[in-house]
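Report on one structure; see the data block that follows.
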Amino acid sequence: MTTAAGVVLAGGRSTRMGQPKAWLEWHGSTLLYRAAAVLARAVDGPVVVVAAPGQELPPLPSNVSVAEDPVEGLGPMQGLAVGLAAVADRAETAFVCSTDMPFLHPAFVRRVLRALPAGTDVALPVARGFRQPLAAGYRTALAGLVKDLLAAGDLRPGMLFKHCEVAQLSDEELLADAELARRDPELESVVNVNSPDDYAAARDRPPPQVVVECFGALARNGGHRPREVQAATLGAAAAAVGLTLNRHVVAALNGDQVTRDEWLPLVAGDTVAFLSADAGG
């Protein structure tokens, strides 16, 4: 079993933000939808959102499931234990992140997961000057150890790292990956939004630059030529070229994933091809 899963921790109290982060909008979708869907783009296994007891969540991608944390208030270690346990029977490793990472790029996720060879338990980025335990790769078999540490009162991720084999990834090591260096050279994948000021700054950032192409009946008046647009979702990319995703129009993302999900997150470097479904596209 070499499948990699994705785990999004959504059960934080959002004390500094003053409102649930999962529901915050960013350029056309919620932060939680974007985080979960970016992970689904980057891994070949299940994606699970860990929610607090009774927590109301915004809509999620159809291929994402929810694991409810039975205990509230124990922080990210408790969510980590629940998330790893939820996917342990279907995946050997998992990328674990928080809800509030609007700039997370699939290339970052893939780079981190590649740092989990046999014998390594955690791939821990030390990016932009800080350890990033909520943008890291974990062996799912660690679920039991995390649970034991919680039972002993160890609530900090740093305690886990003392009990397992950790591969730390510096900025230089992360950016040695050519795709990541090209798509996220500032490692903004690890930037999160903890306060209203952080969120306002993130909202002020422009959507990523993507390439859009139209084919078949949609390519009238030279519309078949590739165009660069700013769009954070598939729906926004369609709107930028005067289209609406419906039963007559489908999109192919980077030449493979065919979808009509208007909330599907786009990232820097994506190419979207719109095709007429009526013409067999």
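The values are calculated or read from the model by the stated rules, or taken from the named source; none is laboratory data. All figures in this text were calculated on a predicted structure; none of them were measured in a lab. Quick reminder, even Gly has a Cβ in these numbers, built from the backbone with ideal geometry, and neighbours come from all protein chains shown. Heavy atoms of the whole protein, side chains included, go into the accessibility calculation; ligands, DNA and RNA do not. Shrake-Rupley method; radii C 1.70, N 1.55, O 1.52, S 1.80 Å.
Side notes on the structure shown:
- Thr259 hydroxyl-bearing (Ser, Thr, Tyr) and over 17 Å from Ala42 (Cα atoms): no
- Filtering region 118-158 to residues that are among the charged types (D, E, K, R) and under 19 Å from Val71 (Cβ atoms) leaves Lys147, Asp148, Asp154, Arg156.
- Conditions (1) open to solvent by less than 40 Å² (accessible area, probe 1.4 Å); (2) in contact with a Phe, Trp or Tyr (Cβ under 9 Å, 6 or more places away or on another chain); (3) over 17 Å from Ser98 (Cβ atoms): number failed by Val193: (3)
Residues checked against (1) open to solvent by less than 30 Å² (accessible area, probe 1.4 Å); (2) of a type in the set (Lys, Arg); (3) under 22 Å from Ser276 (Cα atoms):
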site	(1), (2), (3)
Leu169	yes, no, no
Asp198	no, no, no
Gly216	no, no, yes
Glu228	no, no, yes
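- Residue within region 159-173 that is closer than 25 Å to Thr140 by Cβ and of a type in the set (Lys, Arg) present: yes
- Number of positions in region 250-273 that are of a type in the set (A, V, I, L, M, F, W, C) and under 24 Å from Glu25 (Cβ atoms): 8
- Filtered by the rule that a residue be at pLDDT 90 or above, part of a strand (DSSP E or B) and open to solvent by less than 30 Å² (accessible area, probe 1.4 Å), region 260-281 gives Pro265, Val272, Ala273, Phe274.
- Matching residues in region 168-188 - criterion: being in contact (Cβ under 8 Å) with a residue 24 or more places away in the chain and more than 19 Å from Leu134 (Cα to Cα): Asp177, Glu179, Arg182, Arg183
- Cross-chain or 6+ apart pairs with Cβ under 7 Å, region 26-53 first and free of Cβ contacts under 8 Å to residues at least 40 places away in the same chain, then part of a helix (DSSP H, G or I) and surrounded by fewer than 24 Cβ atoms within 10 Å (Cβ to Cβ): Thr30/Trp23
- Of the criteria (1) in contact with a helix residue (DSSP H, G or I) (Cβ under 6 Å, 6 or more places away or on another chain); (2) surrounded by fewer than 24 Cβ atoms within 10 Å (Cβ to Cβ), which one Gly137 fails: (2)
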